[in-house]
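Heads up, the thing below is written out as structure tokens.
The values are calculated or read from the model by the stated rules, or taken from the named source; none is laboratory data. Here the structure is a predicted model, which is why all the values come from computation and not from measurement. We place every Cβ from the backbone using ideal geometry, glycine too, and count neighbours over all the protein chains shown. Surface accessibility is based on the protein's heavy atoms, side chains included, excluding ligands, DNA and RNA. Shrake-Rupley method; radii C 1.70, N 1.55, O 1.52, S 1.80 Å.
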Amino acid sequence: MRKTRTVQASIFENYADHETGQEFKAISRFLDEHPEFCDWVELDLRTEDVFDTGRQGLTSETVLRCGLLKQLRQVSYKSLAFDLEDSASCIAFARLPYGHSPSKSALQHTISQIKPETWERIHQCTVDVAKEEKIELAKTIRIDSTVCDSDVHEPTDSSLLWDCVRVMVRLILEAVKLSGVLKFKYHNHTRVAKKRAYKIINTKGMEEDKVDLYADLLQVTSATLTYFHHAHEEVINNCTDEKKRARWLAKYERFKPLIQKVIDQTQRRLFLDEKVPAGEKIFSIFEDHTDIIIKGDRKIQYGHKINLTSGKSGFILDIAIEEGNPTDID
């Protein structure tokens, strides 16, 4: 059960006299002037798993404020959970009930449900207010480009194959629980895949010296993919819980093409001696939208190139996300 707005737990909201505390207070006042933001977030938080009875979750207002607080502080969910327990200013801004401290998993689960379209809608409303109050007239603008890193590890072929195996094994074990029966011969290759991946990383020399190790790791990954297909059939034929079956099948449809792509790009690069174009590569099966960005002679970054448009006041008016790192065209 989730409410839209927080019932005020105290008549006092304690914000620090520090400039950051006063900034929180000003933003809080702005949010109070626009209650429609909470209504937009509530639409995103409405899921089939939320019931009218039972324990009340975080209100839509608190989820929105916690999401904003995470961005303002530029912290992880773990650090955000600490701030919401330790800082009076953060507690007041988030409108948390007295004595309630959400865990990092609860924060991640709820904040991540706010759709990008909702954040864009909130930002556009803020831009309109800035224009109406003549804070930013947008008569003079500036465009800056930067890279926003994805939360991924260094994407080597061996680490990607290891990711594929452990994800497939996890989903296969879930499928066994859902179907309640195991009608196909199955071997858990997690341990051997991990050993091969680490041996590839720690083996000195050129890639040619690691071909046999890669061949073994590819064989293990392909065998696990076959088990993955069998698990798919078992879930379809034997799982009676429609909701759980739909969730598992959604994961299958998401990861299957990504895993096939990782296998394909590894085979092309190592065994067919092809130079796979960056646009045809995948750098993470978890953050599959990640691009490779090479900024001149500087280090390689994995994420997205973004163009920020700001006004004379420094207010961000617009953002454009590029695909890859396209060459500038006159």
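Assorted remarks:
- From helices alone, the chain scores -17500 deg cm²/dmol at 222 nm; the rule is -39500 (n - 2.57) for each run of n ≥ 4 DSSP H residues, then divide by the residue total.
- Overall Cα dimensions of the stretch 65-165 - principal axes, largest extent first, Å: 55, 42, 21
- Calculated FRET efficiency for the pair ARG29/LEU308, C-beta based, R₀ 25 Å, to 0.05: 0.45
- Surface composition of the chain: carbon and sulfur make up 51 percent of the accessible area, probe 1.4 Å.
- Ordering of 238-248, 63-73, 299-309 by burial proxy (mean other Cβ atoms within 10 Å per residue, highest first): 63-73, 299-309, 238-248
- All alpha carbon pair distances within the stretch 203-291 were sorted into 10 Å bins beginning at 0; the resulting P(r) in whole percents reads 14, 36, 32, 14, 4, 0.
- Accessible-area ranking of HIS232, HIS18, HIS187, largest first, probe 1.4 Å: HIS18, HIS187, HIS232
- Here the chain is treated as a Stokes sphere of Kirkwood radius computed over C-alpha pairs; at 20 °C and 1.002 mPa s its diffusion coefficient rounds to 91 µm²/s.
- Placing dummy labels 7 Å off each Cα toward the beta-carbon, the span from GLN260 to THR20 is 4.9 nm.
- Within the listed set VAL169, VAL152, VAL75, the residue fluctuating most in the Gaussian network model of the chain (springs between alpha-carbon atoms under 10 angstrom) is VAL75.
- Linear extension gain, GLN74 paired with ARG46, 0.36 nm per residue minus alpha-carbon span: 7.4 nm
- 19 Å reach of a label modelled at CYS148, 7 Å along Cα-to-Cβ, counting backbone N of the stretch 297-317: 301-311, 314-317
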